[in-house]
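Read-outs throughout are calculated quantities, based only on the coordinates presented, and are distinct from any laboratory measurement. As the structure is a prediction and not an experimental result, all values here were calculated from the model. Positions of Cβ are backbone-derived with ideal geometry, glycine not excepted, and every protein chain shown enters the neighbour counts.
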Amino acid sequence: MSAILVVDDSKVMRDMVVACLRAIAGTTYTHASTGLEAIERLSLAHFDLMVLDLNMPDVGGIEVLEFVRRQDRLRALPVLIVTTRGDEESRERVLRAGATAFLAKPFTPEAIIAEVRRLLPEPAETRA
Amino acid sequence: MTTSTDLKEFLTAYLVEAEEHVALANQRLLALEAAQRSGGHDARALREIFRSLHTIKGLSAMVGVEPVVAIAHRLEAFVRGYDRLGTAPPLHSTDVLLKGVQAIAQRLTALGRGEAASPPPPELLAELDRLDSTQAALVEQSGPELDLEPELLAKLAPFEVEQAVRGIRSGERGVIAEFFPSPDRAAQGFSINSVRERLSACAEIVRVLPRSLPVSPESPAGLSFVLILLTQASDEQVASAVGVKAATLKPFSTLRAVASPDVPDSIGAPAIDDEENDPLAAGVRRGIVRVDVNRLDDAMEELATLIVTRYRLARAVAALTARGVNTRELSDVVADNARQLRSLRAAIVRVRMVSVSDLLDRVPLLVRGLQRTTNRRVRVELEGTEAELDKSVSERLFPVLVHLVRNAVDHAIETPDERVRRKKPEEGLLRIACRAHSNTRLELTVSDDGRGIDRQAVARKAGRPVPETEAALLELLCMPGLSTRDVATTTSGRGMGMEIVKRVVIDELGGELELATELGTGTTFTLRVPLTIAIVDAFAFECAGQRFVVPVSTVDEIVEVDRAEAVAVPANADGRPNLDIILRRGHAVPVVRLANVFRMTHEPGTGQKAIIVRRAGLPIAFAVDRMLGQQEVVIRPMNDALVRVPGVSGATDLGDGRPTLVLDLVALGTSLGAGGSARSALT
């Protein structure tokens, strides 16, 4: 099984992400509604991938990302940034901060599925 | 496996969340404006407005609502400019922003009704263009700094530094706590979310910063959260909320020492002991699930079918008992089942309850708009309560509140000049208070300190004698079409307001309405409404010129009565035939003329339709004149013993303002004993 952490302060958005990804077999999902909660969950359990929003109330996605990259055990965690800021500048800023991939909202289910399949350490389906 | 998830399925959930952000943005815009008026800047409110708009934009893009994306994008871009500068946008821009949020709200409402969202209003875009061109570069101000570790200070936004400085100046203590998450702590209920939730009852959270640490017994997760707090509570209280020892807390203050805020704890503000307190703490998300109200209705309907099944079960058990079978154990199970069903029903009813504050929170925005158009100055005081009421009651109550607030601002409260002449404060006061009145009712008072209601003027206008009591005055005010205003105004239109208030509060909700008014001093309306109402699907029909309704669930079928085929049963005491018999699928069904039962006169040859119900499995038909259709009605029970009549379960309002009786035809059939006697008459 692959464990995916979905971080967004919007519940609808988290639900939409999970609904899209359900098509990938052998995955489990954990929700985090704030940046701080995401950091806490990452520190307490193992995840294979994080889907991260940038715009959150307490600690934004960039800060979560910076925190993750400073931690030895999280340095290699694939992080997919999902954001409404789809411009080139934001993309570069996010990739510089350590994101593995970047997806602009609105995205299609196919697009996020393709990204997640690419980022998971090994195809979840074959292990499931 | 299918990969095509249709995100349109999320439309309802999207609407709920987007509307929440609209409400939040409105609230914060008002806070921003209030701060500006008093010469300050609420940078946190500005940041939250930005975030709400950004979230609305992102969600709208996902579900493909382009007009909302476009509006939110423009508003967000404008707000973001000022957020980056750390300064307040010009005062006049608040209006445009509110209009923009309103435009989003209108589009969400349209989507909720199944209509398309219309494109952004061009005049709004033009106004935003004008604002953008005036957005001037402004210099960042630097306030006095805090004696925090440089590492922490560097991470605070300017407005957070400002917030901390302001808090300390106003007598709060700056405290730093550090929380070390671990699986053990999580098992004890200490996670960063729960810590924040508990802290919100006793402290203001300026910022939470994650800190990376080497893994050690003290920090098993290699992580801590540094909480920068402002509080008036004791160290012990703060420490227990975080789950650490009080000795580990560190104080901080401003660099340039201001008048000592060192107030001993014992005489400080009373601390809140109960951590359940303040469930509405800002920004904290509890385990809340948003549900489409229709789904709750579905659940209630499923429950209704369960209840019917239970009755069948009970009857079957009774039949067994009658045959001499020992059913004691079975009866116990059935009784347990009944209790469980009742609590399940109560649980579903509880889910439908919404907080009264949802209703009251909308008032400040309304008053703000009214002040502009009416040239009044009004301060709003809201006194809330923990009370909750059924969503449908809350929805019905809102237009009532709007009417009362409009009347108060538009007519009761004088213009600032006039108020000064009358030696009143320039600013009028509108006070709305809510409290639970017994366990089943909510009392809502709307008071103003305006001119009061002039009885003589009302009487003249209505062409009636001057009312002697306030109750009589209220009755006069609620007369259809009465208006005591001589000029039509944009806000209230002409009259009608009070008539609607009365119709909703008394006729629809079965509540009470009271008035207290004193000329020159002010007016108070008191509303008492039930916290819940029963809503059912019902057939409306006409009989002898009167309208009635009967719940759909009690009706077996509705048939045409062919007089030629009906068999008359010999007349009863008053000389009129009371019973006919019709044949229905080979069975004789007694037909009772409803008009006769209620001793109403009816034209010969009427009674073409019959409503068939079953009592104890036997059909009985009630002849009526005309079916009017099916609709959802609110039943208010008739609690007054003097008007309790067998066969009448309550009253409702079909929208015409007249009370309409809700009939329980099954009970009526039983009380007549008609079915049985008809059968014997036939055989």
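Listed values, structure above:
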quantity: Candidate lysines - alpha carbon under 20 Å from residue B:391, same-chain residues fewer than 8 apart omitted; calculated: B:502
quantity: DSSP-assigned coil residues among trypsin sites (Lys or Arg not before Pro) in the stretch B:328-435, each with at most 14 further Cβ atoms within 10 Å; calculated: B:422, B:423
quantity: Convex hull of Cα atoms in the stretch B:354-530, direction-averaged projection (nm²); calculated: 9.7 nm²
quantity: Cβ-based exposure ranking for A:40, B:9, A:63, in which fewest neighbours within 10 Å come first; calculated: B:9, A:63, A:40
quantity: Sequence of B:548, B:190 once ranked by neighbouring C-beta atoms within 10 Å, starting from the fewest; calculated: B:190, B:548
quantity: DSSP H segments from chain A that extend 18 Å or more along their own axis, Cα-based, with Kyte-Doolittle mean of 0.0 or above; calculated: none
quantity: Ranked list, fewest to most other Cβ atoms within 10 Å of each Cβ, for B:479, B:62, A:16; calculated: B:479, B:62, A:16
quantity: Nearby aspartates and glutamates by direct alpha-carbon distance to residue B:99 (threshold 19 angstrom, same-chain neighbours under 8 apart not counted); calculated: B:19, B:20, B:33, B:48, B:66, B:76, B:123, B:127, B:129, B:132, B:361
quantity: Reach of residue B:155 by Cα under 29 Å, taken over lysines that are not fewer than 8 positions away in the same chain; calculated: A:11, A:105, B:57, B:245, B:250
